[in-house]
1. Evaluate the stretch 31-53: report whether one residue or more is on the phi > 0 side of the Ramachandran plot, modelled with pLDDT under 95 and not aromatic (Phe, Trp, Tyr).
2. Only one of these is out of contact with any Asp or Glu (no Cβ under 6 Å at 6 or more places or on another chain), among the aromatic types (Phe, Trp, Tyr), surrounded by 15 or more Cβ atoms within 10 Å (Cβ to Cβ) and under 24 Å from Tyr164 (Cβ atoms): Tyr322, Tyr336. Name it.
3. Could you please give the count of residues in the stretch 199-211 that are more than 16 Å from Val99 (Cβ to Cβ) and in contact with a Phe, Trp or Tyr (Cβ under 9 Å, 6 or more places away or on another chain)?
4. For the stretch 297-319, enumerate the residues that are part of a loop (DSSP other than H, G, I, E, B) and crowded, with 19+ Cβ neighbours inside 10 Å.
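The values are calculated or read from the model by the stated rules, or taken from the named source; none is laboratory data. The model shown is predicted, which means the values in this text are computed figures rather than measured ones. No Cβ is skipped: glycine too gets one built from the backbone with ideal geometry, and neighbour counts run over all protein chains shown.
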Amino acid sequence: MWTDTRPAAELPKLFERGGDVISLSGGLPDLDVLPLDAISTQLSRLVRLGGKLALQYTTPHVAKALVPAVADLMAREDGHADGDNLIPTSGSQMGLTAVALALGAPGETILVQTPAYPGATAAFRTAGLELHGAAEDENGLDPEQLRTTVRELRSAGATVRMLYVNPTFQNPTGATLSVPRRAEILTACRELDLLLIEDNPYGLLGFDGATTTLFQALDPQQVVYLGTFSKIFAPGLRSGWIAAPQHLRHDLARVAEIISLSPSALAQGALAAFYSRSGWTDLIDRYRDSYRERCTLMADALDAELGADTPWTWQRPDGGFYLWLRHRDRADAGRYAQAAAAHGVSVVPGGHFSVAGEHADGLRLCFSNVPRKKIAEGIGRLAAALTEPAPQERELTAVAG
């Protein structure tokens with residue numbers, strides 16, 4: 001399953017900060033909304049009364065006390081959580097690695113919705129899988145092109161058994177696949193005997209509270225679902241889950257146990273205690289309010305600074321963490337990201353989200369953790385970088401002057 005025959009897959013350094021840099025890069029949640037006093041009290045009680053269990057190794061299962069919390073989250077998007085088929089992970093990143101190692105083999109091809117989350121592509125490449133982008137049309141991932149791509153790859157001798165999607169408030173675009181399109185994609189997957197890997201960190205973060213029915217809800221036996229508490233609670237607990245079809249549970253659980261040996265009983269206990277006392281609704285609503293406000297501030301600033309007179313286009317998302325800028329002339333955005341850094345603002349160029357060099361004309365902006373008072377300033381710095389002449393253009397201007 002594991003391979004070291006290729007260069008190590010690396011992730012962009014998204015969480016580094018320093019000096020006067022305004023970071024629009026890393027997808028950090030806004031932990032100001034957490035009720036830290038209540039969580040502190042609950043953790044103290046958990047350690048005081050059950051510390052010898054909470055701080056010990058535990059069995060590789062989602063704790064019984066935590067299953068209702070997972071079931072509640074998935075049910076909000078019409079999903080199904082069966083405690084027997086839940087596998088604990090240290091967030092979705094471990095889940096992606098476990099899926100790649102348990103269900104793939106080096107040299108096999110995995111189809112990937114693009115632009116793609118770099119953590120997923122790094123996990124797949126580290127496990128030795130070959131990546132191939134799944135074609136899209138104006139409505140997102142295209143089921144007809146999916147059929148064509150799979151048949152062409154198989155005719156060329158490739159083994160293709162999985163499709164990876166991040167379908168709701170996608171990282172990095174913020175786009176969401178409609179339910180009818182999801183049903184069409186699942187029909188194609190059944191015809192092609194493709195297992196669909198659904199990665200869903202942001203699905204509950206719609207600004208208006210609306211949710212979209214999960215792929216997993218439409219066909220639980222065709223979908224491996226990856227969930228996480230990182231975006232609706234806190235990433236520091238490193239806790240998530242895989243909801244697996246029954247026939248794949250053993251293989252996934254075996255690899256997950258090899259990776260982690262034991263889930264954190266303390267993290268699971270803390271999450272279960274919070275849920276039993278507070279539920280999810282109030283906290284999720286606070287997150288939604290925070291992200292809606294920040295997104296509005298950032299999109300309004302983009303409208304004011306860039307308007308319609310520049311080659312940059314974007315759409316306001318309906319939820320999640322991200323705004324996705326595209327260059328109309330398909331210019332490589334890497335140099336613009338470097339220019340932005342020189343202006344004291346960090347963004348992620350689209351090449352980080354590519355499978356084979358596509359999407360290099362994009363820039364991802366993250367609004368979820370930027371201080372509100374810094375958003376307009378950050379976009380002002382970015383706009384200066386995006387609208388200044390390229391180095392060769394400055395040289396020509398200087399000569400002409």
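1. Looking for residues that are on the phi > 0 side of the Ramachandran plot, modelled with pLDDT under 95 and not aromatic (Phe, Trp, Tyr), one finds none in the stretch 31-53, hence no.
2. The match here is Tyr322.
3. 6
4. Leu306, Trp314, Pro317
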